[in-house]
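S.K.: Take this structure, written in structure tokens, and hold onto it; I'll ask about it next.
The values are calculated or read from the model by the stated rules, or taken from the named source; none is laboratory data. These numbers come from a predicted model, not from an experiment. Because the Cβ atoms are built from the backbone with ideal geometry, glycine has one as well, and the counts that use them run over all protein chains shown.
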There are 2 protein chains.
Amino acid sequence: MCIAQGTLNRVVPRSGAGDPAPEGAVRRFAPHTPIFFQGDLRTHLLVIESGWVKSYVTLVDGQRQIVAFSNAGSVLGLETDVHHASSCEAMTDVTARAIPVSRLEEVCRRDPSLALNLLRQVGRQLGAAQALIASVGAQSAEQKLATFLISMADLSSAAEDEAFDLPMRRGDVAEFLGLRLETVSRKLSDFQRRGWLHMPSLYACVILRRDILEDLADGADLSLRKAS
Amino acid sequence: MCIAQGTLNRVVPRSGAGDPAPEGAVRRFAPHTPIFFQGDLRTHLLVIESGWVKSYVTLVDGQRQIVAFSNAGSVLGLETDVHHASSCEAMTDVTARAIPVSRLEEVCRRDPSLALNLLRQVGRQLGAAQALIASVGAQSAEQKLATFLISMADLSSAAEDEAFDLPMRRGDVAEFLGLRLETVSRKLSDFQRRGWLHMPSLYACVILRRDILEDLADGADLSLRKAS
DNA sequence: CGCGCGGTTGATCAACCTCAACCCGCGTGG
DNA sequence: CCACGCGGGTTGAGGTTGATCAACCGCGCG
């Protein structure tokens, strides 16, 4: 695999040192509620404990680009100084721990392993961001979708050939991959028509031919490949 | 500006605490020499002290995507665990300090301000990566180029209406922005023809109409705007 | 002199976008 | 109960942007 670690933020396995963020108050967010907006003062870091969050940037001409889908373990708010550079919104029920930035330095000095955990986690997020750059910048629509679906499948705990969750709308996928939602819809239909995929509902997905999707993500030209 | 902090990694101002990486041996690299390759074991972190570095990912089908241009202050090697997820190459003469990953934990525990500096720096790099995602995913070719030129100009120490350095080839710009080099060449010619830009040499650039380039980067439709 | 590298320019083409119609499920209110 | 609107999704026709392929330029160098 070229895009070595996938385009999505992932859980960092619990280290022996324990919870990466024992500090801070727990906050809860309902689906589709904003967590903060681009331009807001950055008062807290948020360490996600459960649920899915999307982070996005909106250009002044109204175009939006999702820069990350994040789940448990990811840290929100490290990518900037005083104002948030992106907006964040809960996609599912979300719980997160808040660390006031005013106390970040103190807390890290007192507990160096927290600092190390944050560092490892944000490093991971940087890796995911770079993988997304590669996907968005260098892949075709079909390749992007294949890469994305494989990432989502790997991330989920569902077994091979079991349905996994796609907790985002078509438009979100499009804004994540730098496509239009019509293109996403079309290509998903194509994949199903060709028998590589089955979507029992709008937000659930089974990969039937992972081999083919992987070849596609890696750049094989499957234009001649027949259905099923 | 929407892409708040630009698409490029920037120098972090020296904090009172002093050099972000007083540890480690200095290493030097000549222009166009590789620093490490995608897949290599990650033995060291590198903190750039001077010069420009490009980090890129190559897909198995040979496509390449530059994921970052980095200069002094940036940290290389935090975005992954055991193997490097991208390749790095010196674009100019480069000096950098190497921190063995085996000693990272120990060093950070002994010197929490180093950990905090690394954290702030990698956060910045994450911000730059997200800005690049937004540019590559949501902007047209002209917008990408305008955004890029403004970022480079801001980054350089050159005064307004003075020439600044473009230390990369056309093809590098293209691989950074997710375009083909022909497109970059064409659009740069367009910009000059229209009088927004002057390039005294292949690797130097003067912005003549920053206002227009900014409007363009922000999504204004200048298709009707006449030359000069 | 000839060659290779980096860049520019032109002609053609296709991937993806745009705009629009339409479907379906659902909640609301007459 | 049904009509209606709305949000989200799918599908189709046609247009545009940027990719592709190819020729050509200028320069440095063996």
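S.K.: Which one of these is at the interface with another protein chain (Cβ under 9 Å from one of its Cβ atoms) and either at pLDDT 95 or above or surrounded by fewer than 17 Cβ atoms within 10 Å (Cβ to Cβ) (or both): B:Leu119, B:Leu177?
M.R.: On the way: B:Leu119 fails: either at pLDDT 95 or above or surrounded by fewer than 17 Cβ atoms within 10 Å (Cβ to Cβ) (or both).
After applying the criteria, what remains is B:Leu177.
S.K.: So, one more: Would you check if there is a residue in segment B:92-108 being under 15 Å from the mean Cα position of the chain (by Cα) and either within 16 Å of DNA strand D (Cβ to nearest atom) or buried (at least 24 other Cβ atoms within 10 Å of the Cβ) (or both)? Even if it seems obvious, please write down each step before you answer.
M.R.: Residues of segment B:92-108 under 15 Å from the mean Cα position of the chain (by Cα): B:92, B:94.
Narrowing the set further to residues that are either within 16 Å of DNA strand D (Cβ to nearest atom) or buried (at least 24 other Cβ atoms within 10 Å of the Cβ) (or both) leaves B:94.
The answer is yes, given that some residue of segment B:92-108 is under 15 Å from the mean Cα position of the chain (by Cα) and either within 16 Å of DNA strand D (Cβ to nearest atom) or buried (at least 24 other Cβ atoms within 10 Å of the Cβ) (or both).
S.K.: Quick check on my filter: what residues within segment B:35-68 are under 28 Å from A:Ser140 (Cβ atoms), outside any loop (DSSP other than H, G, I, E, B) and within 12 Å of chain A (Cβ to nearest Cβ)? Before the answer, list the steps.
M.R.: Taking segment B:35-68 and keeping what is under 28 Å from A:Ser140 (Cβ atoms), we get B:37-39, B:54-68.
With outside any loop (DSSP other than H, G, I, E, B) added as a condition, the list becomes B:54-58, B:64-68.
Scanning segment B:35-68 gives B:Ser55, B:Tyr56, B:Val57, B:Thr58, B:Arg64, B:Gln65, B:Ile66, B:Val67, B:Ala68.
S.K.: Can I ask one more? Specify the residue that is modelled with the highest pLDDT; the eligible residues are those in segment B:12-43 that are surrounded by 11 or more Cβ atoms within 10 Å (Cβ to Cβ) and among the aliphatic types (A, V, I, L, M).
M.R.: Result: B:Ile35.
S.K.: So, in segment A:149-186, how many residues would count as being more than 13 Å from DNA strand C (Cβ to nearest atom) and under 24 Å from A:Glu89 (Cβ atoms)?
M.R.: Of all residues in segment A:149-186, those more than 13 Å from DNA strand C (Cβ to nearest atom) come to A:149-169, A:172.
Filter once more, keeping what is under 24 Å from A:Glu89 (Cβ atoms): A:149, A:151-157, A:164-169, A:172.
Selection size over segment A:149-186: 15.
S.K.: Kindly indicate which of A:Leu149, A:Leu132, A:Leu208, A:Leu216 is closer than 28 Å to A:Leu45 by Cβ and either away from DNA strand D (no atom under 12 Å from the Cβ) or not assigned by TED's automatic domain parsing to the domain that holds A:Gln63 (or both). Break it down stepwise before answering.
M.R.: On the way: A:Leu149 fails: closer than 28 Å to A:Leu45 by Cβ; A:Leu208 fails: closer than 28 Å to A:Leu45 by Cβ; A:Leu216 fails: closer than 28 Å to A:Leu45 by Cβ.
Result: A:Leu132 is the single residue among A:Leu149, A:Leu132, A:Leu208, A:Leu216 that is closer than 28 Å to A:Leu45 by Cβ and either away from DNA strand D (no atom under 12 Å from the Cβ) or not assigned by TED's automatic domain parsing to the domain that holds A:Gln63 (or both).
S.K.: Another question about this same structure. Would you pick out the residues in segment B:139-161 that are of a type outside the set (A, V, I, L, M, F, W, C) and at negative phi? Full working, then the answer.
M.R.: The first filter runs over segment B:139-161 and keeps only residues of a type outside the set (A, V, I, L, M, F, W, C), leaving B:139-140, B:142-144, B:147, B:151, B:154, B:156-157, B:160-161.
Matches in segment B:139-161: B:Gln139, B:Ser140, B:Glu142, B:Gln143, B:Lys144, B:Thr147, B:Ser151, B:Asp154, B:Ser156, B:Ser157, B:Glu160.
S.K.: If you go through segment A:152-174, how many residues are within 14 Å of another protein chain (Cβ to nearest Cβ) and touching a Ser or Thr at 6+ places or on another chain (Cβ under 8 Å)?
M.R.: Of segment A:152-174, the ones within 14 Å of another protein chain (Cβ to nearest Cβ) are A:171-174.
If we keep only those that are touching a Ser or Thr at 6+ places or on another chain (Cβ under 8 Å) as well, we get A:174.
The total comes to 1.
S.K.: Could you identify the single residue in B:Val107, B:Val122 that is of a type in the set (Val, Ile, Thr), under 26 Å from B:Arg64 (Cα atoms) and in the same structural domain as B:Asn71 (by TED's automatic domain parsing)?
M.R.: The conditions single out B:Val122.
S.K.: A follow-up question, please. Quick one: would you say A:Lys187 is in contact with a Leu (Cβ under 9 Å, 6 or more places away or on another chain), closer than 24 Å to A:Ser87 by Cα and among the charged types (D, E, K, R)?
M.R.: On the way: in contact with a Leu (Cβ under 9 Å, 6 or more places away or on another chain): yes; closer than 24 Å to A:Ser87 by Cα: no; among the charged types (D, E, K, R): yes.
Against the criterion (in contact with a Leu (Cβ under 9 Å, 6 or more places away or on another chain), closer than 24 Å to A:Ser87 by Cα and among the charged types (D, E, K, R)), A:Lys187 does not qualify.
S.K.: Could I ask something else about it? Among the residues of segment B:187-197, is there at least one that is modelled with pLDDT of 95 or more, within 11 Å of chain A (Cβ to nearest Cβ) and near DNA strand C (Cβ under 9 Å from one of its atoms)?
M.R.: no
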